[in-house]
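Written out below as structure tokens is the structure these notes cover.
The values are calculated or read from the model by the stated rules, or taken from the named source; none is laboratory data. From a predicted model like this one, the values you see are computed outputs, not experimental measurements. Cβ coordinates were reconstructed from backbone atoms using ideal geometry, including for glycine residues, and neighbour counts include every protein chain displayed.
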Amino acid sequence: MLLIPCPWCGPRDEAEFHYGGQAHVAYPENPAALSDEEWARYLFFRDNPKGLFAERWSHTAGCRRWFNAVRDTATNEIHAVYRVGEPRPVSA
Amino acid sequence: MSPTTQGRRTPGADLPDHPGRLWRSAEPKRAYDVVIVGGGGHGLATAYYLAKNHGITDIAVLERGWLAGGNMARNTTIIRSNYLWDESAGIYEHALKLWEGLEEDLGYPLLFSQRGVLNLAHSLQDVRDSVRRVNANRLNGVDAEWLTPEQVKEVCPIVDISPDVRYPVLGATYQPRAGIAKHDYVAWGFAKAASDLGVDMIEHCEVTGLDVRDGRVTGVRTTRGPIAAGKVALAAAGHSSVVAGYAGVSLPLQSHPLQALVSELLEPVHPTVVMSNAVHVYVSQAHKGELVMGAGIDAANSYRQRGAFHIIERQMSAALELFPVFARAHVLRTWGGVVDVTPDASPIVGLTHVENLYVNCGWGTGGFKATPGVGWCYAHTVATGEPHPLNAPFSLDRFTTGKLVDEHGAAAVAH
């Protein structure tokens, strides 16, 4: 069970959160211009690193706000949390 | 009994000799025709059928830990073929037919027990989907029946079918030919048979890189040195993204922990396999007597072989809802494995854009039942360079063409 530091509420139990997958996946600027390969990549392909991963969480049983975290998928250690719209911290 | 000079017995001196090894633990050679990455059930079955069906025996199976110590040691051993879509029924039913003759074929006991599987329906939509699946199964030659709650009770008397519970049992699909097998024995049987045909089993040998030259794979780099390879077949389950990434192949996979648990040993109380999608648990009783229960995956990606406790808690409440008699059973052991999940909950088997590099991955929460079937088809794919007709629908390019095999929810259990 993870202890997740919500940027607004502080450290809370993982059971209070909803997972949102990879962070910083932007909607294509010009969807009509995409090839089938590019659509496939946008729709179905996400990073799956064994190591640092920038991901989205929503504190559904708390403040109900989305935020981002950088977590190491090999150890589950959370290196940073930051608000939506902020860039991924350079150090994490 | 061999007395020592002091006239006392040497501890262990009267024990029988160590039995013969089932397979040869080999030192890596410099080159092989085929290198299989991953010594789990799929890798071992693929090696066996490459040797048996295609006469290719210059094969190394590389395993970073010990043979069959990953998901092959961690699954809940359920075998069934009652999938909705034609493509899935094709490969899973092929597997089930192979299971039915596998003990004879491998010359090794697998404790394969066709005790049937019940997939419970708890809502009107569940009922409609289930009846549809029964009909689809029958059209594909897969044995399937729709059972009323009373018939469910006849097959498995300990299921609570009373109408006044939160998610009453409204019926179930039943596949009598489904069942369980002893997972370790399956791995050992394939390893022994493949080893007898000349395949090298190389344990504690982690792949750290793939050599690609002019768009073609030429070998693997490992913690035990480089190994040249004519062909490389990946069967690395939860670590497939990492290994394929060495050759620049990206896969639409997310790796998640999946947990299971067993109870203490109990008298035989559970004669079949029961799965429930709506309250999400699947239960059988192992030959030795433990109740074996599987949970759902943890939502977050992780390569740690352990999951969150609240998942276990939910799984236990689901089990108690269905089987009130389990209330006083004790959990003996819980564990987790890392499963690679695809967007359509169907596997990826076939070629990649790198010549002579093949992938078999994305089996998510349900790879064990496919072991002989995918071994058979993947071996064909690797040997001939063309997808076997049964795994052709599961090629990587389906995510570009859009021809997905969407088994999310359709396959009788949530993924």
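Miscellaneous remarks
- Yes/no for residue A:23 being buried (at least 17 other Cβ atoms within 10 Å of the Cβ), more than 10 Å from chain B (Cβ to nearest Cβ), free of Cβ contacts under 8 Å to residues at least 40 places away in the same chain and out of contact with any Gly (no Cβ under 7 Å at 6 or more places or on another chain): no
- Within segment B:24-67, the residues that satisfy the criterion of being within 26 Å of residue B:338 (Cα to Cα) and surrounded by fewer than 20 Cβ atoms within 10 Å (Cβ to Cβ) are B:25, B:65, B:66.
- Scope segment A:75-92; condition in contact (Cβ under 8 Å) with a residue 40 or more places away in the chain and among the hydrophobic types (A, V, I, L, M, F, W, C); matching residues: A:78, A:81, A:92
- Residues of segment B:296-345 satisfying the condition of being under 22 Å from residue B:255 (Cα atoms), surrounded by 18 or more Cβ atoms within 10 Å (Cβ to Cβ), out of contact with any strand residue (DSSP E or B) (no Cβ under 6 Å at 6 or more places or on another chain) and more than 12 Å from chain A (Cβ to nearest Cβ): B:296, B:345
- Within this structure, residue A:15 passes the test of being within 13 Å of another protein chain (Cβ to nearest Cβ) and either over 22 Å from residue B:240 (Cβ atoms) or crowded, with 17+ Cβ neighbours inside 10 Å (or both).
- In segment A:39-74, the residues that are free of Cβ contacts under 8 Å to residues at least 12 places away in the same chain and either farther than 30 Å from residue B:396 by Cβ or more than 11 Å from chain B (Cβ to nearest Cβ) (or both): A:64
- Restricted to segment B:64-180, the set of strands (runs of 3 or more DSSP E) holding at least 1 residues that are under 23 Å from residue B:375 (Cβ atoms) comprises B:117-121, B:171-175.
- Which numbered condition residue B:379 fails, given (1) of a type outside the set (Lys, Arg); (2) crowded, with 21+ Cβ neighbours inside 10 Å; (3) over 22 Å from the mean Cα position of the chain (by Cα): (3)
- Residues located in segment A:26-38, provided they are loosely packed, with under 12 Cβ neighbours inside 10 Å and more than 13 Å from chain B (Cβ to nearest Cβ): A:26, A:27, A:29, A:30, A:31, A:32, A:33
- Condition met for residue B:258 (under 23 Å from the mean Cα position of the chain (by Cα), more than 14 Å from every other protein chain (Cβ to nearest Cβ) and within 20 Å of residue A:72 (Cα to Cα)): yes
- Cβ-Cβ under 7 Å pairs, at least 6 apart or on other chains, segment B:149-163 side in contact (Cβ under 8 Å) with a residue 12 or more places away in the chain and over 15 Å from residue B:319 (Cβ atoms), far side in a helix (DSSP H, G or I) and aliphatic (A, V, I, L, M): B:161/B:152
- Qualifying residue in segment B:161-183 (condition: crowded, with 21+ Cβ neighbours inside 10 Å, within 27 Å of residue B:93 (Cβ to Cβ) and either out of contact with any strand residue (DSSP E or B) (no Cβ under 9 Å at 6 or more places or on another chain) or of a type in the set (D, E, K, R) (or both)): yes
- Any hit, segment B:210-220, residues being within 14 Å of another protein chain (Cβ to nearest Cβ) and either under 26 Å from residue B:366 (Cβ atoms) or not hydroxyl-bearing (Ser, Thr, Tyr) (or both): no
- The numbered conditions (1) surrounded by fewer than 20 Cβ atoms within 10 Å (Cβ to Cβ); (2) within 14 Å of chain A (Cβ to nearest Cβ) are all true for residue B:241 except (1).
- Any hit, segment B:316-323, residues being part of a strand (DSSP E or B), closer than 29 Å to residue B:184 by Cβ, of a type outside the set (Phe, Trp, Tyr) and in contact with a Phe, Trp or Tyr (Cβ under 7 Å, 6 or more places away or on another chain): no
For (1) at pLDDT 95 or above; (2) of a type in the set (A, V, I, L, M, F, W, C); (3) in contact with a Ser or Thr (Cβ under 8 Å, 6 or more places away or on another chain); (4) under 21 Å from residue B:343 (Cβ atoms), each residue gets a yes or a no:
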{"site": "A:2", "(1), (2), (3), (4)": "no, yes, no, no"}
{"site": "A:25", "(1), (2), (3), (4)": "yes, yes, no, yes"}
{"site": "A:28", "(1), (2), (3), (4)": "yes, no, no, yes"}
{"site": "A:33", "(1), (2), (3), (4)": "yes, yes, no, no"}
{"site": "A:40", "(1), (2), (3), (4)": "yes, yes, yes, yes"}
{"site": "A:43", "(1), (2), (3), (4)": "yes, yes, no, yes"}
{"site": "A:49", "(1), (2), (3), (4)": "yes, no, yes, yes"}
{"site": "A:62", "(1), (2), (3), (4)": "yes, no, no, no"}
{"site": "A:68", "(1), (2), (3), (4)": "yes, no, no, no"}
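- Of all residues in segment B:160-205 being within 19 Å of residue B:105 (Cα to Cα) and among the acidic types (Asp, Glu), the one that is farthest from the chain's Cα centre (by Cα): B:196
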